[in-house]
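Engineer: I have a structure here, written as structure tokens, and I will follow up with some questions on it.
The values are calculated or read from the model by the stated rules, or taken from the named source; none is laboratory data. Quick caveat, the model's predicted, so the values are computed rather than measured. So basically every Cβ, Gly included, is an ideal-geometry build from the backbone, and we count neighbours across all protein chains shown. For the accessible areas, the whole protein counts, side chains as well, though only heavy atoms, and no ligand, DNA or RNA atoms are used. Shrake-Rupley method; radii C 1.70, N 1.55, O 1.52, S 1.80 Å.
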Amino acid sequence: MPQLLDDQAMWDFIADGYTVVHADFPSEFHAQIHRDTEAVFAERGNVGNGILAAVPELAEVFEHSAVSGALTSVLGPGYRAYPHRHCHLNAPQSAAQAMHLDSYEADENNRHHRARWAMAFYYPHDIDDSMGPTSVVPRAQYHSTRPSNDEACFTGAAGSVCIVHYDSWHRATANLSDVPRYMHKWLFIRTAEPAEPSWDHSESSDPDCPATADLDSHDHRGMWASLWNWHCGGVDEGHGDGAEVADLCVALSDDAETVRLNAAYALGRVGERAVAPLVDALRDEADRRLDGNLAASMTNPSHLYAGYALSAVGAPAVPALTDALESDSWAVRAAAANTLGDIGRSAADAVPALAQRLDDEEPWVRRNAAEAL
């Protein structure tokens with residue numbers, strides 16, 4: 001049986017972007033994977049996606065009840081391993097890797113806050129701070145630019161597995177030891193939108209938010225609450241103060257990304273009353289930021305803060321977004337398609353209009369409509 005996360009661990013994943021579990025097989029099991037991995041690198045080099053065929057016991061690690069339980073909690077029952085996997089060798093005395101975000105192979109994906117993808121980092125040997133462990137930046141997985149908060153190094157005994165939100169900032173730190181460090185990275189995908197909590201959930205539970213002193217400028221409690229509700233299969237009901245909508249729409253263009261993100265989810269809480277001004281904001285942002293988004297590496301041009309707000313609004317935004325699929329601006333059409341896809345099941349009425357966009361003259365519109373469908 002999968003060992004599911006409890007409410008606090010799930011809340012911490014939503015806030016921090018990662019959780020650590022342990023595949024507690026006998027030590028010899030992990031030692032054999034370590035030896036086999038070393039042999040592959042010595043004989044064939046890095047075989048990329050072929051590492052599973054070369055070391056088939058790796059599948060057992062990700063089928064372990066603690067690992068599969070964490071993945072079920074985050075991605076729901078029925079999640080699947082994605083074909084891309086990679087063993088990262090951090091050689092002795094190597095320099096630190098640059099902090100970065102991953103991207104879909106051969107694509108420039110949009111950053112989505114809702115967890116439909118996850119990564120798993122597995123160590124087949126013990127690792128400490130000197131051996132170049134992988135690090136992540138807590139509470140940065142929803143940021144397109146790296147916040148200034150400190151990174152957390154992932155260390156532990158052989159069999160440690162870190163489940164990570166796909167959009168987490170991460171890197172290999174410097175290996176200051178004389179020991180090669182191996183880390184197996186696998187990708188996993190959600191196959192269905194959440195209909196109910198997929199972790200060990202208690203209706204009476206009240207998970208603790210990180211202390212305000214620990215949050216500093218990275219306090220996204222409104223966002224975390226919205227994402228918690230999505231994972232629970234719920235639909236937000238608008239209850240914000242409609243009088244603040246104009247100011248919040250202005251804040252979507254603030255210089256600070258934290259302000260932009262918090263404004264987006266505050267508008268999401270307003271609900272239907274925010275839809276019309278948000279669609280106007282989406283049109284403006286899609287065109288205004290187009291050149292910059294196209295020039296950025298690994299960035300979908302539909303990476304827009306008004307889009308996050310409309311996703312958080314949900315079903316009440318679907319008719320206006322469906323109309324936006326007919327915009328004269330391809331950037332707006334692409335943004336509307338992307339946002340309808342992020343809304344998910346509540347946007348089912350838009351399926352015929354999205355299907356028509358599969359023949360759109362612009363590749364980004366076709367791509368975003370295909371992913372939405």
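Engineer: Please compute the per residue accessible area over region 15-158 with all protein chains in place, 1.4 Å probe, rounded to a whole number of Å².
Structural biologist: 41
Engineer: On a C-alpha basis, how far is the centre of region 56-92 from the centre of region 291-354 in Å? Whole number, if you could?
Structural biologist: So the two Cα centres are separated by 31 Å.
Engineer: Among 262-268, 134-140, how do they line up from the highest to the lowest mean number of other beta-carbon atoms within 10 Å?
Structural biologist: 262-268, 134-140
Engineer: Measure off, as a whole percent, the carbon and sulfur share of the 1.4 Å-probe accessible area of the chain, all protein chains present.
Structural biologist: 50
Engineer: Let me ask something additional. Provide, for q = 0.11, 0.12 Å⁻¹, the log10 of I(q)/I(0) from a solvent-free Debye sum over equal Cα point scatterers in the chain.
Structural biologist: Treating every Cα as an identical point scatterer, log10 I(q)/I(0) equals -0.79, -0.93.
Engineer: When only alpha-carbon atoms are used, what values of Rg and Dmax, in angstrom, describe region 4-85?
Structural biologist: 14.9, 45
Engineer: Please list 17-23, 2-8 highest first by mean number of surrounding beta-carbon atoms within 10 Å per residue.
Structural biologist: Details: 17-23: 20.4, 2-8: 18.1.
Packing proxy ranking, top to bottom: 17-23, 2-8.
Engineer: Something else about it: How would you order 279-291, 161-173 from highest to lowest mean count of nearby Cβ atoms within 10 Å? Please report the intermediate quantities before stating the final value.
Structural biologist: On the way: 279-291: 19.3, 161-173: 22.8.
Those peptides, ordered most packed to least, come out 161-173, 279-291.
Engineer: Using only the Cα atoms of region 237-373, build the gyration tensor, take square roots of its eigenvalues as a ≥ b ≥ c, and label the shape rounded, prolate or oblate: rounded if a/c is under 1.5, else prolate if a/b is larger than b/c, else oblate.
Structural biologist: It comes out oblate by the Cα gyration axes.
Engineer: Now for a separate question. With a/c under 1.5 counting as rounded, go ahead and sort region 114-164 into rounded, prolate or oblate using the C-alpha gyration tensor (a ≥ b ≥ c being the square roots of the eigenvalues; past the cut-off, prolate if a/b is larger than b/c, else oblate).
Structural biologist: Cα axes put region 114-164 in the oblate bin.
Engineer: For A353, what charge total do you get from the other residues with a beta carbon under 9 Å from its beta carbon, if Lys and Arg give +1 and Asp and Glu give -1?
Structural biologist: On the way: positive: R357; negative: D323, E326, D349.
Overall, the nearby charge balance is -2.
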